[in-house]
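Visitor: Below you'll find the structure I mean.
Rule-based calculations on the coordinates, nothing more; no lab input. Note that the coordinates shown come from a computational prediction; the quantities given were computed from them, not determined experimentally. Cβ placement follows ideal geometry from the backbone for every residue including glycine, while neighbour counts extend to all protein chains displayed.
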Amino acid sequence: MNKGLGDTIAHITKVTGIEGIVKRFSKATGIDCGCDRRREMLNKLFPKQRKPPQCMTRDQYELWTVFREEQKGNKVNPAQQQLIAQLHHELFDHKFIKPCSCRPRQWAEWISDIDMIYATYKSKSSASSKEPEQPAVDSEG
């Protein structure tokens, strides 16, 4: 999971091949590149900031209720993936992306994120729909 700028730079150096060159150089010379320390320091200085989630609308709540009732096991079909990606985009205010189906951990994380907002909505709506308790009436009085 990307924790900040250090992880982002590490990913870029890996996909561009720089990481491999640095590791071979370090192994040949016996000099530690300091990549891990630098990565941790940059992650602490520049952590990945996640925007606070939006509140779920009634329509989103109903869509997610249907999803939860229909979802079997840990597999999601393409239509469900579309719903998950769309809701996560709307609730967490990020660019719309649809992760690769080969990334089940990403899908599970997004489902968990949406479930947290869903549970909050559900608890608030059930609390507000309860009738206020009537005060006890003293029959003797």
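Visitor: For Cα pairs less than 8 Å apart in space and 6+ apart in sequence, what is the mean separation divided by the residue count of the chain, i.e. the relative contact order in percent?
Guide: Numbers: 83 pairs, mean separation 31.1, N = 141.
Relative contact order comes out at 22 percent.
Visitor: Then there's this: Over region 5-45, what relative contact order in percent results from Cα pairs under 8 Å that are six or more residues apart?
Guide: 59
Visitor: Which order do Phe67, Phe96 fall in if you start with the one that has the fewest other Cβ atoms within 10 Å? Could you put the intermediate results ahead of the total?
Guide: On the way: Phe67 18, Phe96 9.
Listed from fewest to most nearby Cβ atoms, that is Phe96, Phe67.
Visitor: With point charges of +1 on the Cβ of Lys and Arg and -1 on the Cβ of Asp and Glu, referenced to the Cα centre of region 1-103, which listed residue (Ala79, Pro53, Val22) lies farthest in the positive direction of the dipole?
Guide: Value: Val22.
Visitor: Moving on to the next point. With charges only on Cβ, +1 for K and R and -1 for D and E, what is the dipole size of the chain about its Cα centre, in debye, rounded to 20? Write down the numbers at each step before the final one.
Guide: Working: 23 positive and 18 negative charges, 280 e Å.
Charge dipole, the chain, about its Cα centre: 1340 debye, nearest 20.
Visitor: For every helix of n ≥ 4 consecutive DSSP H residues, a contribution of -39,500 (n - 2.57) applies; sum these over the chain, divide by its total residues, and give [θ] at 222 nm rounded to the nearest 500 deg cm²/dmol. Display every interim value, and only then the final one.
Guide: Working: 6 runs with 89 residues, N = 141.
Roughly -20500 deg cm²/dmol at 222 nm, from the helical runs in the chain.
Visitor: Now, a different point. How do Asp115, Asp7, Asp59 rank when sorted from fewest to most other Cβ atoms within 10 Å of their own Cβ? Don't jump to the answer; show the numbers that get you there.
Guide: Values: Asp115 13, Asp7 17, Asp59 8.
Taking fewest neighbouring Cβ atoms as first place, the list is Asp59, Asp115, Asp7.
Visitor: So if R0 is 22 Å, what FRET efficiency would Gln80 and Lys124 give, r being the distance between their Cβ atoms, rounded to the nearest 0.05?
Guide: Calculated transfer efficiency: 0.30.
Visitor: Follow-up question, since we're still on this one. Quick one: net charge around Glu19, please, counting Lys, Arg +1 and Asp, Glu -1 for every other residue with C-beta under 13 Å from its C-beta. Please report the intermediate quantities before stating the final value.
Guide: Numbers: positive: Lys14, Lys23, Arg24, Lys27, Arg38, Arg39; negative: Asp7, Asp36.
Counting the neighbours of Glu19, the net charge comes to +4.
Visitor: Hey, another quick one. Kirkwood-based Rg over Rh for the chain (C-alpha set), two decimals? Could you put the intermediate results ahead of the total?
Guide: Numbers: Rg = 23.8 Å, Rh = 19.2 Å.
Ratio of gyration radius to Kirkwood radius for the chain: 1.24.
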